[in-house]
Amino acid sequence: MVTSSLDWSRARILMYDRRPPAGDGRICLLWPAWAYRVTAPVLERRNLDLFERVTLALCQAGIRQLDRIGEIVELDARLCGHILDRSVRSGHLDGRHELTDRGREALRTGTSAQLTEWQVCHVFEDPFTGELWPRTADQLREAYVLRFTPVGAELELGTAGRSDRTVAHRTAPPTRGPQRPGAARVVEAASADRAARRVFQVRQFERDQGLAPAAAPGDIAGPQGAAARADLAPQLDRIAFLADPEPVFLAGFLVVPSDGGAETAEAWTALDPFGLGPSDFFQSLIYRFGRDDGLLDTEIDRRAAAELVVARDQYRQAGAELRDLLERRLAHEFGPAVRGDRDAFDLMLELELAAQSGDRDEDLERVAHTTLRMYEVLFRRMLVAYPVSPETFESFRRNRSLRRAMLEEAAQRIGFHQVTGLYSGVTENELTKTYQGQGHSYLKALCALSLLAAQEHADHPLRAMAAEQPDLPVTLTTLNALRNRAAHAGRDAANPQDAQWCRASAAAATRALLTLPEPRTERTHL
């Protein structure tokens, strides 16, 4: 059925995708196009064999004598002469056996354009932009239309015994008429179609066999665009338009991803109406011209909202299962008593959840931050159970110049290797508030006062920790810097090994924490 060139009301609906997507996340769209019946080139290319490539490479290097080429490739000189003659006939070499532009292209790609064959096919012009779709079709393949609706049509996508129906939304075409494309654009469309189908076949084979992509699309497809036109430039006058353009609708699909495995960050993906996978061309057209009436956006939002509900429920269920598993792991590692210590249990659980979230900077920084909070709680409890004497406190508070010496002496008596300037730089106000337990406490003050208290109490937990963690004061300084990505100290929060290091430090604090009574604690600050 041929319609008037400006009559869209009776335009045929074409379906080329033999494997339409399944599931609730698909949206079928009818996109307008002008179909031209033309004669177009069949752009076939032949792979060069090894001897042809070596011969061309030798000629490019200036080695063009038959006997010399035969000696290098270990072939009879007469056979080498045949290869050279064939390369001349193919246009790869000139009469002096120097590489032509076509020869350099063949040597680079490993392929050679064959004598052009011609076919009768259809090309499709987008009425919004005037651009040709980068596809050709041997015939106008009509979709199975069950009924027409005010906004489109209901299509049958399945086969006998396997019904698969969908309601397709029709995009209103513009009012302007068709604009016949030039011959060079038909060549480009045929070239792009050949390249896309070759890439699709290779990628389909790789997916079916579970293989990783072996080559870039450009290496699979071969020359396109200007390079393809160069092979056919003398024959552009053979391209003919055989009939008036016919208005048609191409049935294509949009897919709203239902999980995080999508290969794109877009809210939806446009699939090629000709069955060759995701289409950047179709996606661009829809973004620019397919959303004016708001119906498509409404439908996409509805599908995306439904997928979001499912994903959220799955996320919550997975989170609950992960939390239960981690709780059992903590109870096994630290004993059932860890469940009774809410500070130790909650902080270790928070750390474990952050460590399992991924390897993003913010996740690993959260691990470091939670580890630091664990030591804040530990030192606060130590000061409650093992307070520093008033005399030692006053001496430390008033004599700022002696603080470093007092801390180093205490650290050496306990068994720590060294202390850093972070703890001796604490202010009198921070020391007083921390010592009196008024308001917020400060980790550097908590650590300094705990060191002073440990040398006064023979059973202080820091003495046992010093035997296992002799560099603990340095560790805390590193954690403090690691918490802030702008000033990390020797460790990188983007390094997954740092999460393990933080976790080991937090586990040591947890074991010490479980030996202390559990008073009411408050958040501390540096």
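Please treat every number below as a calculation from the coordinates, not as lab data. A quick note: this is a predicted structure, and the numbers were derived from the prediction, not measured. Every residue, glycine among them, receives a Cβ derived from its backbone with ideal geometry; neighbour counts consider all protein chains shown.
Ordering 431, 382, 512 by Cα displacement along the dipole of segment 335-525 toward the positive end leaves 431 in first place; charges were set at the Cβ atoms of Lys, Arg (+1) and Asp, Glu (-1). The stretch between residue 504 and residue 61 holds 153.3 nm of extra length on full extension. This uses 0.36 nm per residue minus the Cα-Cα distance.
Modelled spin-label separation between residue 111 and residue 428, with each label point placed 7 Å from Cα along the Cα-to-Cβ direction: 8.3 nm. Under the convention that each Lys and Arg Cβ holds +1 and each Asp and Glu Cβ holds -1, the size of the dipole of segment 315-397 around its Cα centre is about 260 debye. Using the Cβ-Cβ distance between residue 146 and residue 22 with R0 set to 30 Å, the FRET efficiency works out to roughly 0.95.
Rounded to the nearest 0.05, the FRET efficiency derived from the C-beta distance between residue 464 and residue 207 at R0 = 35 Å is 0.05. Modelled spin labels at residue 361 and residue 238, positioned 7 Å past Cα toward Cβ, are 5.9 nm from each other.
Computed from phi, the 3J(HN,Hα) profile of segment 149-154 under the Karplus parametrisation 6.51, -1.76, 1.60 (θ = phi - 60°) reads 10, x, 10, x, 7, 9 Hz, with x in place of Gly and Pro. Peptide packing: for 333-342, 424-433, the average count of neighbouring Cβ atoms within 10 Å per residue gives the ranking 424-433, 333-342, highest mean first. Size of segment 335-525: Rg and Dmax of its alpha carbons, in Å, are 16.0, 49. Each of residue 408 and residue 73 was given a label point 7 Å from its Cα along the Cα-to-Cβ line. The distance between the two points is 7.9 nm.
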